[in-house]
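Since every read-out is calculated from the coordinates, none of them should be taken as a lab result. Only a predicted model underlies this, so the values are computations on that prediction, with no experimental measurement involved. Reconstructed Cβ throughout: ideal geometry from the backbone, glycine too, with neighbour counts over all protein chains shown.
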Amino acid sequence: MLNNHKLNYVELPASDLIATKAFFNQVFGWTFTDYGPEYTAFSDQGLDGGFYQANKCSLSEQGSALLVFYADDIQATLAKVNACGGEIIKPIFDFPGGCRFHFIEPSGNEFAVWSETKGSQA
């Protein structure tokens, strides 16, 4: 069901669509629908969206929005990100209400993962 005036879709750049699709499939179990060679879409991930072919990337230090995943087990998710070629740019750190880490996926986009469990206790 579509909700009036609620966020519905996000589009992100990707310099390597094949590597980006493989990474998100391996780490988060995403599936994709290709719409030509320069666009691929994902759905049922909390917010639907897609990746478009571009040489730019989304980094919070450059003013881009930061998309944040939730994980029940942040240590296991960090291990999967590492194993699948993600680059950890901010290791797990605690904040009031939980902990999180930031990573770069193969096309250079920054994402974060948070959990309600403190990193030192996970």
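Residues that are closer than 20 Å to PHE103 by Cβ and part of a loop (DSSP other than H, G, I, E, B) within region 18-54 comprise GLY29, TRP30, PHE32, GLN45, GLY46, LEU47, ALA54, listed in sequence order. For region 104-122, the set of residues classified as under 26 Å from LYS21 (Cβ atoms) and out of contact with any Asp or Glu (no Cβ under 6 Å at 6 or more places or on another chain) consists of GLU105, GLY108, ASN109, GLU110, PHE111, ALA112, VAL113, TRP114, SER115, listed by residue number. Annotation: of all residues in region 67-103 being aliphatic (A, V, I, L, M) and surrounded by 13 or more Cβ atoms within 10 Å (Cβ to Cβ), the one that is farthest from the chain's Cα centre (by Cα) is ILE92. Of the numbered criteria (1) surrounded by fewer than 18 Cβ atoms within 10 Å (Cβ to Cβ); (2) out of contact with any helix residue (DSSP H, G or I) (no Cβ under 9 Å at 6 or more places or on another chain), the one THR117 fails is (2). Just the residues that are closer than 24 Å to ILE74 by Cβ and either small (Gly, Ala, Ser) or touching a residue at least 60 places away in the same chain (Cβ under 8 Å) (or both), please, taken from region 25-49. Hits for region 25-49 are GLY29, GLY46, GLY49.
The residue that is surrounded by the fewest Cβ atoms within 10 Å (Cβ to Cβ), counting only those in region 1-46 that are closer than 19 Å to GLU110 by Cβ and aliphatic (A, V, I, L, M), is LEU7.
If you go through region 1-19 and pick out every residue that is within 12 Å of PHE42 (Cα to Cα) and either among the β-branched types (Val, Ile, Thr) or within 11 Å of the chain's Cα centre (by Cα) (or both), you end up with 2. Taken together, the residues in region 66-112 that are assigned to a loop (DSSP other than H, G, I, E, B), touching a residue at least 12 places away in the same chain (Cβ under 8 Å) and either under 22 Å from PRO13 (Cα atoms) or not small (Gly, Ala, Ser) (or both) amount to 11.
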